[in-house]
1. Which residue is surrounded by the most Cβ atoms within 10 Å (Cβ to Cβ), if the candidates are limited to region 279-293 and must be among the hydroxyl-bearing types (S, T, Y) and under 18 Å from I251 (Cβ atoms)?
2. Tell me yes or no: at least one residue of region 120-127 is without any contact (Cβ under 8 Å) to a residue 60 or more places away in the chain, under 18 Å from D264 (Cα atoms), of a type in the set (A, V, I, L, M, F, W, C) and crowded, with 20+ Cβ neighbours inside 10 Å.
3. So how many residues does region 120-164 have that are in a strand (DSSP E or B) and among the charged types (D, E, K, R)?
4. Being crowded, with 20+ Cβ neighbours inside 10 Å, farther than 30 Å from I313 by Cβ and at pLDDT 90 or above is true for just one of L265, L188, L196. Which residue is that?
5. Among the residues of region 224-251, which ones are part of a helix (DSSP H, G or I), within 25 Å of A117 (Cβ to Cβ) and not charged (D, E, K, R)?
6. Which members of region 201-223 meet the condition of being assigned to a helix (DSSP H, G or I) and either of a type in the set (F, W, Y) or surrounded by fewer than 16 Cβ atoms within 10 Å (Cβ to Cβ) (or both)?
7. Considering region 63-84 alone, what residues qualify as being charged (D, E, K, R) and touching a residue at least 60 places away in the same chain (Cβ under 8 Å)?
Amino acid sequence: MNPLQRILHKPFFIKLLHWEYWSMTAVYGLIYPVFLWLCIRSGWRFFFPAANPRIRYGGFLMESKKEIYDLLPPGYYPKTILIKQETTPAAVLDEIRKNDFSFPLIAKPDIGMRGLAAKKMENENDIVCIAGKYDIDYLIQEFVPWENEVGIFYYRYPGNDRGYISGIVGKEFLSVTGDGKNSVVQLLEKDKRYLLQLESLKKEYGQELDEVLVEGEKKLLVPYGNHARGAKFLDFTGRIDEDLTALTDKICKQVPEFYYGRIDLRYNTWEELKQGQNFSIIELNGAGSEPTHMYDPKHSLFFAWKEIIRHWIILWRISRLNHKKGFSYMTYSEGAKMFRDNRAYVKKLQAVHDALLSR
């Protein structure tokens with residue numbers, strides 16, 4: 001690298017010059033007035049809870065993943081159990097055996113965000129090591145073997161028989177491919193996206209990152225499709241067709257009073273997915289869902305603003321229609337409490353995440 005390239009390869013400049021790494025405040029700050037205007041038009045109330053009345057706060061913040069799984073049609077998602085925060089590792093193992101789980105498993109917070117505090121577990125020893133680090137309610141879920149993951153953004157206006165897909169995001173997990181010369185950490189240092197995850201990966205993997213992979217050998221380091229944990233997001237919106245729309249509509253219409261959100265799922269092949277074969281829903285997200293296809297590196301911040309505002313307006317229209325049917329909006333004081341609770345919870349969640357990374 002020349003001197004300029006070395007400077008631009010520093011984390012500070014990587015974040016500065018690529019808006020996808022900016023904070024939520026930086027990305028959303030200039031367009032918050034649009035959201036405020038929609039609240040004003042809703043009678044100075046937060047309108048989003050009415051979009052998905054069966055989900056807490058409409059799925060905007062602080063919603064329980066387990067409660068959402070319980071709304072999904074059986075067979076569409078992996079086997080999942082809820083573990084309360086005070087549960088001992090021995091009791092967790094008993095629950096796993098009683099429910100006939102098969103390893104590997106995934107542990108993740110019941111109220112989660114950005115992939116924080118998610119951990120893959122290969123055996124019972126992993127359960128013993130990490131269970132005591134969760135001082136929040138969490139889920140244990142069978143790991144879905146399919147290698148591909150997408151997020152499909154879906155909406156349907158109340159009273160309409162047909163729903164729509166407004167965007168699809170494809171996800172590339174954080175992995176490296178060996179060249180027989182460089183260590184894993186050296187391979188990570190060459191990639192700007194992965195460089196930003198290096199400190200977290202060092203905490204999690206330690207000296208394993210000094211391994212030199214043989215040429216062509218692939219090592220998956222983060223098996224979760226979360227942008228904040230190094231996954232690359234790609235805009236697959238051009239893949240929308242009648243088959244995929246019909247499948248998504250069929251699933252979502254089986255979820256009571258669900259009209260707006262994003263389905264994150266894993267699948268084997270795209271053709272099988274469109275035929276409703278070999279896929280599993282990882283999460284269903286509600287009113288707080290982002291149109292995450294906007295994070296494709298090819299898109300500008302202006303494109304992101306356009307997509308966010310477009311989806312806010314759809315959310316507001318759905319909420320307004322449901323409000324006319326008798327579903328409530330949220331008062332300012334209720335909304336303020338929700339945001340306070342969320343800020344406090346995020347701090348706790350980050351502490352759990354950091355504890356899980358420590359070896």
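The values are calculated or read from the model by the stated rules, or taken from the named source; none is laboratory data. Worth saying up front: this structure is predicted, and the values here are computed from it rather than measured. No Cβ is skipped: glycine too gets one built from the backbone with ideal geometry, and neighbour counts run over all protein chains shown.
1. Keep residues of region 279-293 that are among the hydroxyl-bearing types (S, T, Y), which gives 280, 289, 292.
Narrowing the set further to residues that are under 18 Å from I251 (Cβ atoms) leaves 280, 289.
Working: S280: 17, S289: 23.
Ranking the candidates gives S289 first.
2. Of region 120-127, the ones without any contact (Cβ under 8 Å) to a residue 60 or more places away in the chain are 121-127.
Cutting the leftovers down to under 18 Å from D264 (Cα atoms) gives us none.
No, that holds for no residue.
3. We begin by selecting, within region 120-164, every residue in a strand (DSSP E or B); these are 120-121, 138-142, 148-155, 164.
Checking the rest, the ones that are also among the charged types (D, E, K, R) come to 120, 142, 149.
Adding up the residues that qualify gives 3.
4. Working: L265 fails: farther than 30 Å from I313 by Cβ; L196 fails: crowded, with 20+ Cβ neighbours inside 10 Å.
Result: L188 is the single residue among L265, L188, L196 that is crowded, with 20+ Cβ neighbours inside 10 Å, farther than 30 Å from I313 by Cβ and at pLDDT 90 or above.
5. As a first pass, look at region 224-251 and keep what is part of a helix (DSSP H, G or I): 227-229, 237-239, 242-251.
In the following step, the residues that additionally are within 25 Å of A117 (Cβ to Cβ) were identified as 227-229.
Answer for region 224-251, where residues must be part of a helix (DSSP H, G or I), within 25 Å of A117 (Cβ to Cβ) and not charged (D, E, K, R): H227, A228.
6. The initial filter retains those residues of region 201-223 that are assigned to a helix (DSSP H, G or I), namely 201-210.
Once the filter is applied, which keeps residues that are assigned to a helix (DSSP H, G or I) and either of a type in the set (F, W, Y) or surrounded by fewer than 16 Cβ atoms within 10 Å (Cβ to Cβ) (or both), region 201-223 yields K203, Y205, G206, Q207, E208, D210.
7. Selection gives E63, K65, K66, K79.
Every residue, every condition in (1) at pLDDT 90 or above; (2) surrounded by fewer than 15 Cβ atoms within 10 Å (Cβ to Cβ); (3) out of contact with any Phe, Trp or Tyr (no Cβ under 9 Å at 6 or more places or on another chain), yes or no:
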residue	(1), (2), (3)
N2	no, yes, yes
R6	no, yes, yes
K15	yes, no, no
S23	yes, yes, yes
V27	yes, no, no
P33	yes, yes, yes
L36	yes, yes, yes
W44	yes, yes, no
F48	yes, no, no
